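**Student:** Sharing a structure, written as structure tokens. Questions coming.
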Ligand code: GRF
């Protein structure tokens, strides 16, 4: 059984969606460890409530590489195969990225390469795009720059606020993050330069589409 490591800093709704799909047997893995860099992250408390191994690792006063080497050590101690960033509000050092080559996923609430960085939904709204969405990508040494595994498109409505748009994007985030995890775990994609190319469909014809 493959082992997932989840890193989060806040609400943890993406983590919860992943955890529910793991519990339902839709993701062929177990969550070995949840790590938060924030002691008060609701996602950390939720992970504990769900009976998962979940730890707070403080980054206070630590150099980026020192902190990252602690996180990497915990992930390795739990024999993690795939690292999932789920609202983890830190940029990973090259040391971290090289410790899990092409084995770290991130979710971003925009159609990359549009609107990288913080407040992506607000950026999209202010720019005036008619469509935005979300992206699951492999983490490389840049910020929101790695090869794209899955994307979903969300229309921007004239009366959208940052909140209403974010809510609709989040529903798609919850769906495509699990899709991307399955593709990675089952070695369904091959990385060719910047492109993540599908080499075989995931087994079982899984679908994470919400019920109508
Ligand atoms: C999501 O919008 C995700 O795309 C971004 O941070 C947010 C995390 O939300 N990286 P949650 O903590 O998973 O609810």
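**Student:** Please enumerate the residues belonging to region 1-42 that are near the ligand (Cβ under 10 Å from one of its atoms), surrounded by fewer than 21 Cβ atoms within 10 Å (Cβ to Cβ) and outside any helix (DSSP H, G or I).
**Tutor:** 9, 10, 11
**Student:** With the condition kept exactly as written, say whether any residue in region 179-201 is within 20 Å of residue 11 (Cβ to Cβ) and either under 14 Å from the mean Cα position of the chain (by Cα) or at pLDDT 95 or above (or both).
**Tutor:** Yes, there is a match, as at least one residue in region 179-201 is within 20 Å of residue 11 (Cβ to Cβ) and either under 14 Å from the mean Cα position of the chain (by Cα) or at pLDDT 95 or above (or both).
**Student:** Among (1) surrounded by fewer than 23 Cβ atoms within 10 Å (Cβ to Cβ); (2) within 28 Å of residue 25 (Cα to Cα); (3) in contact with a strand residue (DSSP E or B) (Cβ under 8 Å, 6 or more places away or on another chain), where does residue 76 come up short?
**Tutor:** Failing condition for residue 76: (3).
**Student:** Restricting attention to region 156-163, does a residue exist that is in contact with a strand residue (DSSP E or B) (Cβ under 8 Å, 6 or more places away or on another chain) and either without any contact (Cβ under 8 Å) to a residue 12 or more places away in the chain or over 23 Å from residue 20 (Cα atoms) (or both)?
**Tutor:** yes
**Student:** Read through the list (1) away from the ligand (no atom under 14 Å from the Cβ); (2) in contact (Cβ under 8 Å) with a residue 60 or more places away in the chain; (3) over 24 Å from residue 98 (Cβ atoms), then give the number of the only condition that residue 185 fails.
**Tutor:** Only one criterion in (1) away from the ligand (no atom under 14 Å from the Cβ); (2) in contact (Cβ under 8 Å) with a residue 60 or more places away in the chain; (3) over 24 Å from residue 98 (Cβ atoms) is unmet by residue 185, namely (3).
**Student:** Which residues, taken from region 130-151, are farther than 19 Å from residue 194 by Cβ and surrounded by fewer than 17 Cβ atoms within 10 Å (Cβ to Cβ)?
**Tutor:** Within region 130-151, 130, 131 qualify.
The values are calculated or read from the model by the stated rules, or taken from the named source; none is laboratory data. Quick caveat, the model's predicted, so the values are computed rather than measured. Here Cβ is always computed from backbone atoms with ideal geometry, including for glycine, and neighbour counts include all displayed protein chains.
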